[in-house]
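To start, the structure under review is shown below, and the notes come after it.
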There are 2 protein chains.
Amino acid sequence: MTAELISGTRTAQETLTWARELVEPGLRAAVAQLPPSMRPVAAHHFGWTDGGGSGKAMRPALVLLAAQAVGAPAERALPAAAAVELVHDFSLVHDDVMDGDATRRHRATVWKEFGTSTAILAGDALLALATRLLAERPDELRALLTAVLDLIEGQSADLAFERRETVGADECRAMAAGKTGALLGCACALGALAGGGSPAQVARLRAFGKEVGLAFQFADDLLGIWGEPAVTGKPVYSDLRNRKKSLPVVAALASDTGEGRELAALYRKPGTLSAPELARAAELVERAGGRAWSRAPADELLARARTQLRALEPKPRAELEALAQLITRRDH
Amino acid sequence: MTAELISGTRTAQETLTWARELVEPGLRAAVAQLPPSMRPVAAHHFGWTDGGGSGKAMRPALVLLAAQAVGAPAERALPAAAAVELVHDFSLVHDDVMDGDATRRHRATVWKEFGTSTAILAGDALLALATRLLAERPDELRALLTAVLDLIEGQSADLAFERRETVGADECRAMAAGKTGALLGCACALGALAGGGSPAQVARLRAFGKEVGLAFQFADDLLGIWGEPAVTGKPVYSDLRNRKKSLPVVAALASDTGEGRELAALYRKPGTLSAPELARAAELVERAGGRAWSRAPADELLARARTQLRALEPKPRAELEALAQLITRRDH
């Protein structure tokens, strides 16, 4: 913790637990409003049926801390916190259909458990629920819907990249900004809006969230290759299995090295990649410089996010900074 | 036209044209707010790229006429009219993915033209756009989102029926009420809300729309079997091809007749049904009484819808009634 920021009383892990406990009653009340056929589907996704892992509540925590950062009680931002989490869940449920991912949070994804059609409907229902939570708050609702459209554009670009032979590192970064930066920026902006923050405070917290979100995506893409299944809840080499053009992979493919070309050949190969091929692909990403290339911007983005926080008046408690550090520097 | 209703100046076809022309600028402006990758997808769906058929604007017409029915200018309900149309389009785009329908409005469906993932994203984007149009109108937004959740439950029941051997006529009717009645009821309620109608007027117009919606579904299910492709924009025997448990089919299957059992055997048969099998299936639905059974409730529902209109104070112009008649009694 740094001297410039007002000292917080919670570690980042404690902040996540606090946010999860604060937001969960609202999430459960919202899910209870779902049509009957969708309730068990949502309960499975949220991990309420098997005691398995639920989401980390990273986005609700950002919403609630941003409200506090503008001097409001966290409770005032609870509808926004639940709405952002529901939008995140909507996008996970639909993205898993599109990406064909079969495992998330240590259990079967919704489409794998209930079928593709039910997953499409469940995602739709979560999006409708999210917007209903903000029906009385037009500024927050508009900000949320703008982030939804950014998410959609990011996912669309991501899918387009998978069909293309070459993808530039810059466009890949722009895609990640849409896919992850937009919703984290929105989370912080919503907290500030709900807390009655000034336009300058809203803008600054949104910028902070965007930088953190992009840094998170770099970290997450490293986990998508080198993350421990026990930590990620996904199979080992998950992104390589799906031949995702994630940030480290794109950097490796664009490296103009022998390793990059060998990786490109593996990505082009028809059929499922074998375990040794997956291990080799990970090695090639690393040797072609993709791993190191992804670490550097994560650090730089986190530094820029910190700068945004320090420019805030009044100084927020240290918890936002601690949370940013936790979510952008995971076990990789 | 009946003496009890104040005489309108337009036929139902003219009303649809009027509504389409009024609502289209708002739809185009909304679609222009879509992320770039989704704009051509929406333009294809709306028929703006090939000069092909666009939607009939049945739902916007109901919204605008309901606003007039409570004494407001139609223009006041334009955001609601565009939002209801966008929700309808969102549900069409996603339902076509789930149902595997390849043709709509005389051209390829979105998933067929752009792939399943793009269709999921495009539907999501249309839903987000629809809700954004009503961000400043909380009552209308909540009513719209309730209808979205009803639509989802209706589609979920429809899909569940396809997997089941037997479906009761009552539950099939309840499903159709969710799938079609909810959005048409919502369209009328939104018009009344936007026009500043009293709660009694809103409730009455909603009830009118629900009856019309269910009557429309009976009529539409008849078209799904006996409709002319030139009129429906879908292949001949479309619903039988997809082995949909539509209202006439469910009635035939539940008829405890030899024809009903022969139809059940055809529905269970693996693989695609041949042209003679499809013609035979249509004949079996008719002989087992499914066609006649579907016509009677459509008439009864339309009569009930009229009763709702006549109880309205002040009496609306005759256009709502004429429109109800047009949309529930098509070419079958």
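Summary table below
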quantity	calculated
Subset of the stretch A:214-258 (residues that are closer than 18 Å to A:G55 by Cβ and among the aromatic types (F, W, Y))	A:F216
Selection from the stretch B:30-52 of residues that are among the aliphatic types (A, V, I, L, M) and either surrounded by fewer than 20 Cβ atoms within 10 Å (Cβ to Cβ) or touching a Leu at 6+ places or on another chain (Cβ under 7 Å) (or both)	B:A30, B:A32, B:L34, B:M38, B:A42, B:A43
Selection count, the stretch B:74-106, where residues are among the aliphatic types (A, V, I, L, M) and either in contact with a Ser or Thr (Cβ under 6 Å, 6 or more places away or on another chain) or open to solvent by 10 Å² or more (accessible area, probe 1.4 Å) (or both)	5
Hits in the stretch B:100-155 - residues which are small (G, A, S), more than 7 Å from chain A (Cβ to nearest Cβ) and part of a loop (DSSP other than H, G, I, E, B)	B:G100, B:A102, B:G115
Where A:E283 falls short, out of the listed (1) crowded, with 17+ Cβ neighbours inside 10 Å; (2) assigned to a helix (DSSP H, G or I)	(1)
Test set (1) assigned to a helix (DSSP H, G or I); (2) open to solvent by 70 Å² or more (accessible area, probe 1.4 Å); (3) farther than 22 Å from A:V236 by Cα - A:W293 fails condition number	(3)
Residue satisfying condition, being more than 14 Å from chain A (Cβ to nearest Cβ) and free of Cβ contacts under 8 Å to residues at least 12 places away in the same chain, within set B:D221, B:D256	B:D256
Counted residues, the stretch A:69-93 - those being under 13 Å from the mean Cα position of the chain (by Cα) and acidic (D, E)	2
The lone exception for A:G197 - which of (1) more than 20 Å from A:R59 (Cα to Cα); (2) in contact (Cβ under 8 Å) with a residue 40 or more places away in the chain it fails	(1)
Which numbered condition B:G55 fails, given (1) assigned to a helix (DSSP H, G or I); (2) crowded, with 18+ Cβ neighbours inside 10 Å; (3) more than 14 Å from chain A (Cβ to nearest Cβ)	(1)
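The values are calculated or read from the model by the stated rules, or taken from the named source; none is laboratory data. Note that the structure is predicted; figures quoted are calculated from it, not measured. When we count neighbours, we look across all protein chains shown, and the Cβ atoms used for this are built from the backbone with ideal geometry, even at glycine. Ligands, DNA and RNA are stripped out before the accessible areas are found, and what is left, the full protein with its side chains, is counted by its heavy atoms. Shrake-Rupley method; radii C 1.70, N 1.55, O 1.52, S 1.80 Å.
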